[in-house]
1. Would you check if GLY21 is at pLDDT 95 or above and either crowded, with 20+ Cβ neighbours inside 10 Å or assigned to a loop (DSSP other than H, G, I, E, B) (or both)?
2. Filter segment 37-63 down to the residues that are of a type outside the set (Asp, Glu) and in a strand (DSSP E or B) and list them by number.
3. Determine which member of the set THR488, THR448 is touching a helix residue (DSSP H, G or I) at 6+ places or on another chain (Cβ under 7 Å) and surrounded by fewer than 22 Cβ atoms within 10 Å (Cβ to Cβ).
4. Could you check PHE34 against (1) among the aromatic types (Phe, Trp, Tyr); (2) in a helix (DSSP H, G or I); (3) over 14 Å from the mean Cα position of the chain (by Cα); (4) closer than 26 Å to HIS470 by Cβ and say which number it fails?
5. Can you name the residue in segment 147-176 that is without any contact (Cβ under 8 Å) to a residue 24 or more places away in the chain and crowded, with 20+ Cβ neighbours inside 10 Å and, of all such residues, is nearest to GLN249 (Cα to Cα)?
6. From the residues in segment 304-329 that are among the β-branched types (Val, Ile, Thr) and in contact with a Ser or Thr (Cβ under 9 Å, 6 or more places away or on another chain), which one is surrounded by the fewest Cβ atoms within 10 Å (Cβ to Cβ)?
7. Got a number for residues in segment 286-319 being among the acidic types (Asp, Glu) and either part of a helix (DSSP H, G or I) or at positive phi (or both)?
8. Go over the candidates ILE403, ILE417, ILE369 one by one and state the one that is touching a Cys at 6+ places or on another chain (Cβ under 6 Å), surrounded by 16 or more Cβ atoms within 10 Å (Cβ to Cβ), more than 21 Å from PHE23 (Cβ to Cβ) and aliphatic (A, V, I, L, M).
Amino acid sequence: MISKLRYWFLIALVVIVYIAGLFVTLFENDSAQFAVMAMRMVQENDFFTLIKGTEEYLDKPHMHYWLAAFSYKIFGIHDWAYRIPGILMLFLGAYGCYGLGKLLYNKDVGKLSALIFLTAQTIVLSGIDVRTDAVLTGFAICAIWQLATYIEKGGLKNILFGAFFAGMAFSTKGQIALVVIGFSLLCHLAYTRKWERLLNWRVILALMVFGLTIAPMLYAYYLQFDLHPEKVIRGRDHRSGIFFILWEQSFERMSGQGVGKNSSDFFFFFHTFLWVFLPWTVLALIAYWQRIKEFWRSKFAIRPKAEFLTVGGITILFFLISLAQFKLPHYINILIPLYAILSAGFFYRIYKEDNKRLINVLLGIQYFILSLVFVGSVLICFYVFKLKEIYQYALLLLALAGIVYFCLKREPRYLRIITLGVCASFLLNAVLNMHFYPRLLEFQGGSTMTALVKEKGIPVSEIYKISERHTWAMDFYNQHPIKIMPITELENQKGIWIYASDSELEALKNSGYHWHQHYTVDQFRITRLQLKFLNPATRQKKLNKMHLVQLD
């Protein structure tokens with residue numbers, strides 16, 4: 001279907017993008033927050049306690065933070081060290097897509113599944129804005145792959161590996177991992193009618209492996225919460241960490257209790273999917289619709305070379321996460337491997353059937369997506385944040401020349417669809433990771449101020465803040481979480497530094513405090529982009545300021 005040379009060339013383009021994203025400044029809030037939480041583990045030599053700022057952290061299990069802390073231990077506390085485990089788990093997820101695609105279809109589908117997964121926009125973004133979902137996605141798809149292999153072949157090794165990966169996924173984000181793994185496998189069992197696989201002594205061994213895998217996480221919860229019923233978490237005392245992660249967590253997420261509500265829009269993930277799976281969105285939508293029609297018409301009769309794991313899992317899980325009262329775009333990431341395999345399987349079929357009409361439609365769509373990416377990249381590089389260096393122009397021209405070459409090259413149309421899809425992902429994300437994000441993060445006050453702190457030789461231990469406002473980027477890059485000192489306690493604290501927003505600086509003035517050293521940087525919430533900010537002519541109107549002052 002695709003030559004080894006072309007495939008590994010496309011994989012190389014993908015790897016370049018992920019490596020470029022390794023060295024970009026951490027984003028506030030979540031990436032920088034999680035990096036600080038793992039940093040505190042290392043600095044305080046306490047790997048069983050999770051602290052978010054000044055609060056005990058109950059919401060998510062420990063695995064993501066343990067992996068980041070382990071990376072810090074090896075490489076030191078750096079932003080790129082924080083990202084390494086997440087990116088490795090994404091590539092593990094790609095291998096899981098390959099394995100499951102090969103199991104359900106064939107090797108060609110497996111290879112294409114991995115490529116689609118790694119170039120889906122939300123997955124590339126999760127490699128730079130690393131959150132728990134990157135680790136969760138990698139472990140979850142490997143669990144589905146190994147357990148589905150057990151269902152098909154009955155191998156002891158497969159069910160034990162599947163149980164281990166399921167335990168690691170559960171230890172990363174809790175019950176959502178088992179929901180995704182469980183419903184996907186139930187769909188596979190229901191379609192293949194291989195229920196007898198559950199009535200086997202190997203299942204007992206797998207449950208034991210799963211229990212042993214999650215034991216460290218449960219023990220950490222026990223030490224932090226169950227042993228301390230006096231702790232008040234979200235307004236309640238006597239909180240059992242073990243009971244929370246085994247039972248309460250998903251119900252709180254679904255209802256919005258504890259974490260709050262941010263969207264009751266049932267269709268939130270429907271319109272979110274339109275961009276998170278680019279440049280493969282249309283292929284996925286056509287694949288899903290065609291598979292649903294086929295199963296409906298056949299009344300779910302077992303057919304050779306058909307599988308219900310992906311389309312069934314997507315249908316049930318998409319519905320469930322749409323019911324949640326707290327939604328964020330990256331919550332859909334755990335379904336991306338299923339979409340990748342479904343899309344690759346469908347694409348392979350129209351390739352084998354030589355469906356010229358549909359291939360022409362898909363090729364036209366890929367050209368359209370690539371043209372949008374081209375226009376967007378030019379706007380970013382020549383208008384939003386203009387390129388400054390000669391080598392940047394050279395790299396951009398080289399990338400554009402390569403893409404034009406593949407656009408004009410005479411080769412089978414199905415091959416052009418794959419190549420142009422990867423090229424669109426490469427161009428967009430190379431521009432984002434190498435140019436847009438580094439320039440954008442110049443407006444993230446915390447990380448920018450940290451550079452100034454180092455330049456001026458300001459002792460980080462003497463920097464305070466006067467409110468509970470989070471300062472994750474500054475905490476991380478100073479490698480010293482800023483402590484809170486309310487205004488009422490500032491009397492007789494001459495010589496200390498206060499990191500403050502505009503309103504906080506005004507409050508200091510109104511309280512009669514004075515300073516002779518005053519540094520100011522621009523501040524913008526960079527994860528919430530606005531057109532007026534992207535427009536250089538109106539950007540200044542959207543900027544706030546962050547200040548660092550030394551009290552007299």
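The values are calculated or read from the model by the stated rules, or taken from the named source; none is laboratory data. All of these numbers come straight from a predicted model, not from anything done at the bench. FYI the Cβ positions are ideal-geometry reconstructions off the backbone, even for glycines, and counts take in every protein chain you see.
1. Values: at pLDDT 95 or above: no; either crowded, with 20+ Cβ neighbours inside 10 Å or assigned to a loop (DSSP other than H, G, I, E, B) (or both): yes.
Judged against the criteria, GLY21 is not a match.
2. Going residue by residue through segment 37-63, those that are of a type outside the set (Asp, Glu) are 37-43, 45, 47-54, 57-58, 60-63.
Passing the criteria: ILE51, LYS52.
3. Numbers: THR488 fails: touching a helix residue (DSSP H, G or I) at 6+ places or on another chain (Cβ under 7 Å).
Result: THR448 is the single residue among THR488, THR448 that is touching a helix residue (DSSP H, G or I) at 6+ places or on another chain (Cβ under 7 Å) and surrounded by fewer than 22 Cβ atoms within 10 Å (Cβ to Cβ).
4. (3)
5. First, pick out the residues of segment 147-176 that are without any contact (Cβ under 8 Å) to a residue 24 or more places away in the chain: 153, 155, 157-158, 161.
This time we only want the ones that are crowded, with 20+ Cβ neighbours inside 10 Å, so: 158, 161.
Working: ASN158: 29, PHE161: 25 Å.
For segment 147-176, the residue satisfying everything is PHE161.
6. To start, the set of residues in segment 304-329 that are among the β-branched types (Val, Ile, Thr) comprises 310-311, 314-316, 321.
Retained after the next criterion (residues that are in contact with a Ser or Thr (Cβ under 9 Å, 6 or more places away or on another chain)): 310, 314, 316.
Numbers: THR310: 30, ILE314: 22, ILE316: 17.
Top of the filtered list is ILE316.
7. So in segment 286-319, the residues among the acidic types (Asp, Glu) come out as 294, 307.
This time we only want the ones that are either part of a helix (DSSP H, G or I) or at positive phi (or both), so: 294.
The total comes to 1.
8. On the way: ILE417 fails: touching a Cys at 6+ places or on another chain (Cβ under 6 Å); ILE369 fails: touching a Cys at 6+ places or on another chain (Cβ under 6 Å).
Only one candidate passes the filter, namely ILE403.
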